[in-house]
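Contents: one structure, followed by commentary.
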Amino acid sequence: MDENILFITAKEGGDRIDALLACSIEGLSRSAAQKLIESGAVTMDKRKIKKNYKCAAGDSFEVLLPQAAAQHPFPENIPLDIVFEDEDLLVINKPRGMVVHQAPGHYEGTLVNALLYHCGGKLSTIGGEDRPGIVHRIDKDTSGLIIAAKNDFTHKKLAEQLADHSLSRTYEAIVHGNMKAAQGMVDKPIGRHPVDRKKMAVTEIHSRSALTYWELIANYKAYSHIRCRLKTGRTHQIRVHMASINHPLLGDYTYGAPSPEKGLEGQCLHARQLRFIHPGSGKLIEVECPLPQYFEDVLLKLGSQI
């Protein structure tokens, strides 16, 4: 099997090597990183290392990342939680941990694999062979609603609604710290991080405008449960924006704490509601899904509201 060779350097000390790899390689989960390490695919100075190795600043690692045997996604019989479906589109409640489309370390078990099976291959082609039907995406560890288009006309019209911000997306999240106001907004441009190219950042350089409205649901000791509505849809927007105002998402390795919190390995973020105009019928479609069990479990761990 062909392999990619990656070279990764730890900029700071203290992180475990599996956490460093998961943050540095797009689409690679921490469990997948551990499997790479255990297989001997990660070395330092030609020596194999253990998955719990604590990195020192300046440590340099060589990673042999296997290519997918299949270059394009294939149908897989994976159950889907379908909230809405007709001949033109479907809305899925994606579980956390599921990758939307193929990425390094994730060539099967993705939402696209499941959609190809469920729809019999009848999906829009605008996104190309690797992303059929995918109009927008949410991160692997973000749960909740995502739309898939079954034809190019529907895909194009939904993309236009994304572009003009008429497609409304509302999320719920748990963040560090107590919010001082009942609501607010973050209006800061987002672009690629100037040093770590796997991350996004608030920056004026090669960036695009980004606007997030937030509303307090409840404060807990040291945490807040909030609702966020996206005016724009930049990569990692809520995660970057909330971190920029010193309220990073609970469990967010990339923009928050470097180790697991409250039993979470990944951000506590759920795409709760979608509102859009159906491209075929012209009717307003409003869909909502409940908070998933992992989110409810975290709320219980936070204790009483304050």
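Scanning region 80-125 for residues that are more than 19 Å from Glu288 (Cα to Cα), of a type in the set (A, V, I, L, M) and surrounded by fewer than 19 Cβ atoms within 10 Å (Cβ to Cβ) gives a single hit, Ala103.
Can you confirm whether Ile49 is in contact with a helix residue (DSSP H, G or I) (Cβ under 7 Å, 6 or more places away or on another chain) and farther than 20 Å from Ile25 by Cα? Reasoning before the result, please.
Numbers: in contact with a helix residue (DSSP H, G or I) (Cβ under 7 Å, 6 or more places away or on another chain): yes; farther than 20 Å from Ile25 by Cα: no.
So Ile49 fails the test.
Residues that are open to solvent by 10 Å² or more (accessible area, probe 1.4 Å), in contact with an Asp or Glu (Cβ under 6 Å, 6 or more places away or on another chain), within 20 Å of Arg169 (Cα to Cα) and at pLDDT 95 or above: does region 225-242 have at least one? Taking every residue of region 225-242 in turn, at least one turns out to be open to solvent by 10 Å² or more (accessible area, probe 1.4 Å), in contact with an Asp or Glu (Cβ under 6 Å, 6 or more places away or on another chain), within 20 Å of Arg169 (Cα to Cα) and at pLDDT 95 or above.
Hey, which of the strands (runs of 3 or more DSSP E) in region 27-136, taking only ones fully inside, have at least 1 residues that are under 30 Å from Phe153 (Cβ atoms) and modelled with pLDDT of 95 or more?
Working: elements: 42-44, 60-66, 82-85, 89-94.
Those strands (runs of 3 or more DSSP E) span 82-85, 89-94.
Here is the figure for region 171-196: residues that are charged (D, E, K, R) and either over 13 Å from Lys231 (Cα atoms) or free of Cβ contacts under 8 Å to residues at least 12 places away in the same chain (or both) total 4. With respect to the conditions (1) touching a residue at least 40 places away in the same chain (Cβ under 8 Å); (2) of a type outside the set (Lys, Arg); (3) under 14 Å from Val175 (Cα atoms); (4) surrounded by 16 or more Cβ atoms within 10 Å (Cβ to Cβ), Leu264 lacks only one, and its number is (1). Among the residues of region 243-252, are any hydroxyl-bearing (Ser, Thr, Tyr), open to solvent by 20 Å² or more (accessible area, probe 1.4 Å) and closer than 18 Å to Ser166 by Cα? No, region 243-252 contains no residue that is hydroxyl-bearing (Ser, Thr, Tyr), open to solvent by 20 Å² or more (accessible area, probe 1.4 Å) and closer than 18 Å to Ser166 by Cα.
Of the candidates Gln273, Gln293, the single residue that is in contact with a strand residue (DSSP E or B) (Cβ under 6 Å, 6 or more places away or on another chain) and open to solvent by 50 Å² or more (accessible area, probe 1.4 Å) is Gln273.
Residues are listed down the side, and each one gets a yes or a no for (1) in a loop (DSSP other than H, G, I, E, B); (2) closer than 20 Å to Ile92 by Cβ:
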position	(1), (2)
Gln267	yes, yes
His270	no, yes
Gln273	no, yes
Phe276	no, yes
Ser281	yes, yes
Val287	no, yes
Leu291	yes, yes
Phe295	no, yes
Leu299	no, no
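Strands (runs of 3 or more DSSP E) fully within region 197-241 that include at least 2 residues being in contact (Cβ under 8 Å) with a residue 60 or more places away in the chain: 211-220, 223-230. Kindly indicate whether any position in region 151-170 is under 30 Å from Thr9 (Cβ atoms), crowded, with 21+ Cβ neighbours inside 10 Å, touching a residue at least 12 places away in the same chain (Cβ under 8 Å) and in contact with an Asp or Glu (Cβ under 9 Å, 6 or more places away or on another chain). Looking for residues that are under 30 Å from Thr9 (Cβ atoms), crowded, with 21+ Cβ neighbours inside 10 Å, touching a residue at least 12 places away in the same chain (Cβ under 8 Å) and in contact with an Asp or Glu (Cβ under 9 Å, 6 or more places away or on another chain), one finds none in region 151-170, hence no.
For Ala173, indicate whether it is part of a strand (DSSP E or B), within 25 Å of Gly13 (Cα to Cα) and small (Gly, Ala, Ser).
Numbers: part of a strand (DSSP E or B): yes; within 25 Å of Gly13 (Cα to Cα): no; small (Gly, Ala, Ser): yes.
Against the criterion (part of a strand (DSSP E or B), within 25 Å of Gly13 (Cα to Cα) and small (Gly, Ala, Ser)), Ala173 does not qualify.
The values are calculated or read from the model by the stated rules, or taken from the named source; none is laboratory data. Every value quoted in this text rests on a predicted model; they were computed, and no experiment measured them. Glycine gets a Cβ as well: all are built from the backbone with ideal geometry, and neighbour counts include every protein chain shown. These area figures cover heavy atoms from the full protein model, side chains too; ligands, DNA and RNA do not enter into them. Shrake-Rupley method; radii C 1.70, N 1.55, O 1.52, S 1.80 Å.
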